Amino acid sequence: MVKSELKNQVRRLRFENGELTQQKLADRVGVTRQTIIAIEAGKYAPSLPLAFRIARTFAVSIESVFQYQETKTSPSPTNGKS
Amino acid sequence: MNKTQKRALFTLSISIMLIAFGVIIFNSMFTPGDRTAGVKLVKVWIWLVLAASVGGAVFAHRKQRASEVNNDERDNYIKKNAVLVSFVSLWFLMFTVSIIPGFVAGDTGSIPVPLLPIINMGVFLIAMLVYSVAILAQYGWGGKDGEK
């Protein structure tokens, strides 16, 4: 089984860019502050256009902001037994 | 708290009040005695539902703040999920209210006609309540997301 995870560097990039507040970033990319909070916490995966807007705000590539990771989890020993 | 959450809270509180009032009227129609007062209450209830619908529509179109984004893709995603949950609940409710009167009153039984608006509109009110709860649940009941 493959488990996927979307990590992000939004919080770090905000602080590296003059301690940009969540509200200011939200205004720049056209979303609510709650959405930025949810993205930073990994609770919400943004759409591709929003991900691009965030990356362009920080003038970095999209992969510098978001990293997609896949981890393979081994099935439990009881699985597959009849 | 954003606009979607405020609207959900507004809908939730109005739905609860109207459902509670509807239940009281429903019970009064089955108490022995004169039903005239009950029938009048049904009319009052219908007007209240209409007023709440108009009030809700006006409230929904009011802009929160000119500078702030009212609605974004995450709000739309949450609303889409809530609509789905509410639609499923609507199916269950419609099925239930179609079956229960037959069991309660029997094959040859009858129910007062003034109760029909309460039963039918009540189903939609409960679906609205489910919609609001689904929205608030997805936002983590309002506090967690906004306070970090």
Just one of B:Ile111, B:Ile126, B:Ile78, B:Ile119 is surrounded by 13 or more Cβ atoms within 10 Å (Cβ to Cβ) and within 14 Å of chain A (Cβ to nearest Cβ); which is it? B:Ile78
For the structure I just gave you, tell me whether B:Asn27 is outside any helix (DSSP H, G or I), of a type outside the set (A, V, I, L, M, F, W, C) and either away from chain A (no Cβ under 14 Å) or surrounded by 11 or more Cβ atoms within 10 Å (Cβ to Cβ) (or both). no
Every listed condition ((1) among the β-branched types (Val, Ile, Thr); (2) within 14 Å of chain B (Cβ to nearest Cβ); (3) farther than 24 Å from B:Asp75 by Cβ) holds for A:Thr71 save (2)
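Yes/no per residue for (1) without any contact (Cβ under 8 Å) to a residue 40 or more places away in the chain; (2) closer than 23 Å to B:Thr4 by Cβ; (3) assigned to a helix (DSSP H, G or I):
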site: A:Ser4; (1), (2), (3): no, no, no
site: A:Leu13; (1), (2), (3): no, no, yes
site: A:Gly18; (1), (2), (3): yes, no, no
site: A:Ile39; (1), (2), (3): yes, yes, yes
site: A:Gly42; (1), (2), (3): yes, yes, no
site: A:Ala55; (1), (2), (3): yes, no, yes
site: A:Glu63; (1), (2), (3): yes, no, yes
site: A:Glu70; (1), (2), (3): no, no, no
Exactly one of A:Ile36, A:Ile62 is surrounded by 11 or more Cβ atoms within 10 Å (Cβ to Cβ) and more than 14 Å from chain B (Cβ to nearest Cβ), and that one is A:Ile62
Going through A:Gly42, A:Gly18, A:Gly30 one at a time, which residue ends up being within 11 Å of chain B (Cβ to nearest Cβ) and either among the acidic types (Asp, Glu) or exposed (fewer than 15 other Cβ atoms within 10 Å of the Cβ) (or both)? A:Gly30
Candidate set from the range B:129-141 (those that are in a helix (DSSP H, G or I) and within 14 Å of chain A (Cβ to nearest Cβ)); member that is surrounded by the most Cβ atoms within 10 Å (Cβ to Cβ): B:Ile135
Would you check if B:Lys6 is surrounded by fewer than 18 Cβ atoms within 10 Å (Cβ to Cβ), assigned to a helix (DSSP H, G or I) and within 14 Å of another protein chain (Cβ to nearest Cβ)? yes
Condition check for B:Phe21: within 14 Å of the chain's Cα centre (by Cα), more than 30 Å from A:Ala45 (Cβ to Cβ) and among the aromatic types (Phe, Trp, Tyr): yes
Looking across the range B:84-101 at residues that are within 16 Å of B:Ser132 (Cα to Cα) and surrounded by fewer than 14 Cβ atoms within 10 Å (Cβ to Cβ), the single one that is nearest to the other protein chains (Cβ to nearest Cβ) is B:Leu84
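Every read-out reported here was derived from the displayed coordinates using simple, explicitly stated rules and does not represent laboratory data. Predicted model, so just to flag it, every value in this text is computed and none were measured. Glycine also receives a Cβ, built like all others from the backbone with ideal geometry; neighbour counts cover every protein chain displayed.
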